[in-house]
Amino acid sequence: MVEDVKIKQLFMIDGHKEELSELLIQVVEDGASIGFLPPLAYAEAAKYWEGVPTPGVILLVAAINDRIVGSVQLHLSMKQNGLHRAEIAKLMTHPHYRRQGIGRALMQAAEERAVKEGRSLLVLDTREGDDSNFLYASLGYIQAGRIPEYAKSANGELHATLFYFKRFDNAE
């Protein structure tokens with residue numbers, strides 16, 4: 001576990017776009033299934049981050065020595081019938097910092113924030129077979145379903161995605 005990791009919310013990406021873009025490029029190059037395929041150009045990565053955060057999207061980052069090494073997004077449902085739920089999206093840990101508790105710390109921070117926002121249900125999806133499945137299960141997420149051939153990898157292979165949820169009784 002990295003002891004000096006700090007989790008914080010970014011309200012704007014100004015001053016962080018380069019670091020965030022490099023993080024996105026590195027995790028995509030390493031095979032992460034987060035909506036992009038390698039090779040991911042810097043301009044495309046930077047354009048993506050320009051749209052984050054937005055109202056209803058909370059961006060949390062993990063930093064070590066003021067260097068961003070991971071991120072996660074909490075997408076708050078803004079629909080009248082969904083104000084109790086949120087979606088975890090784009091959990092990323094730089095490949096050089098994996099298996100050190102950063103993803104877990106980001107997830108726990110996102111869960112805490114969801115509860116503060118009055119959310120009692122979190123949902124997420126991830127590619128079947130990824131290590132992230134073990135993380136989500138260890139945090140108490142329950143697999144709700146599987147969709148075959150959901151996401152394409154760089155080699156053209158189609159992969160299933162798994163949907164998970166977690167309930168919180170203590171939402172404020």
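Mind putting a number on the dipole of the chain about its Cα centre? Charges go on the C-beta only, +1 for Lys and Arg and -1 for Asp and Glu, and I need it in Debye to the nearest 20. Walk me through the numbers before you get to the answer.
Numbers: 19 positive and 23 negative charges, 94 e Å.
Charge dipole of the chain: 460 debye, to the nearest 20.
Please compute the modelled spin-label separation between SER138 and PHE11, points set 7 Å along Cα→Cβ, answer in nm with one decimal.
Label-label distance for PHE11 and SER138, simple model: 3.4 nm.
May I ask you to order 71-78, 14-21 by the average number of other C-beta atoms within 10 Å around their residues, highest value first? Please list the in-between numbers first.
Values: 71-78: 19.6, 14-21: 15.5.
The packing order, highest mean first, is 71-78, 14-21.
If contacts are Cα pairs under 8 angstrom and at least 6 residues apart, what is the relative contact order of the chain in percent?
On the way: 316 pairs, mean separation 34.1, N = 172.
Across the chain, relative contact order equals 20 percent.
Past 25 Å, Cα to Cα, is the threshold; run LYS79/LYS152; LYS116/LYS166; LYS8/LYS116 against it and keep the listed order.
LYS79/LYS152
Need one word for the range 37-123: rounded, prolate or oblate. Basis is the Cα gyration tensor (sqrt eigenvalues a ≥ b ≥ c); a/c below 1.5 gives rounded, then a/b vs b/c decides. Write out the running numbers ahead of the final one.
Details: a/c = 2.34, a/b = 1.40, b/c = 1.68.
Verdict is oblate for the range 37-123.
Using DSSP, restrict attention to beta bridges with both residues in the chain and report what percent are antiparallel, rounded to the nearest 5.
On the way: 34 of 37 bridges.
Roughly 90 percent of the beta bridges in the chain run antiparallel, per DSSP.
By per-residue mean of other Cβ atoms within 10 Å, what is the highest-first order of 144-151, 104-111? Each step should come with its number before you reach the end.
Working: 144-151: 12.5, 104-111: 19.6.
Output ranking for 144-151, 104-111: 104-111, 144-151.
Work out how much length ASP130 to VAL57 would gain on full extension: take 0.36 nm times their residue separation and subtract the Cα-Cα distance, in nm to one decimal.
On the way: separation 73, 0.36 × 73 = 26.28 nm, distance 2.45 nm.
Difference between extended and current length: 23.8 nm.
By the gyration tensor of its Cα atoms, with a ≥ b ≥ c the square roots of the eigenvalues, what is the shape of the range 17-56: rounded for a/c under 1.5, prolate for a/b over b/c, or oblate? Mind showing how you got there, number by number?
Working: a/c = 2.09, a/b = 1.57, b/c = 1.34.
Because a/c hits 1.5 or more and a/b exceeds b/c, the range 17-56 counts as prolate.
Of ASN81, HIS94, GLY140, which is farthest on the positive side of the dipole of the chain, counting Cα position, with +1 on Lys and Arg Cβ, -1 on Asp and Glu Cβ, and the Cα centre as origin?
ASN81
Read-outs: derived from the displayed coordinates by stated rules, not from any lab. These figures come from a predicted structure and were not determined experimentally. Virtual Cβ from ideal backbone geometry, glycine too; neighbours counted across all protein chains shown.
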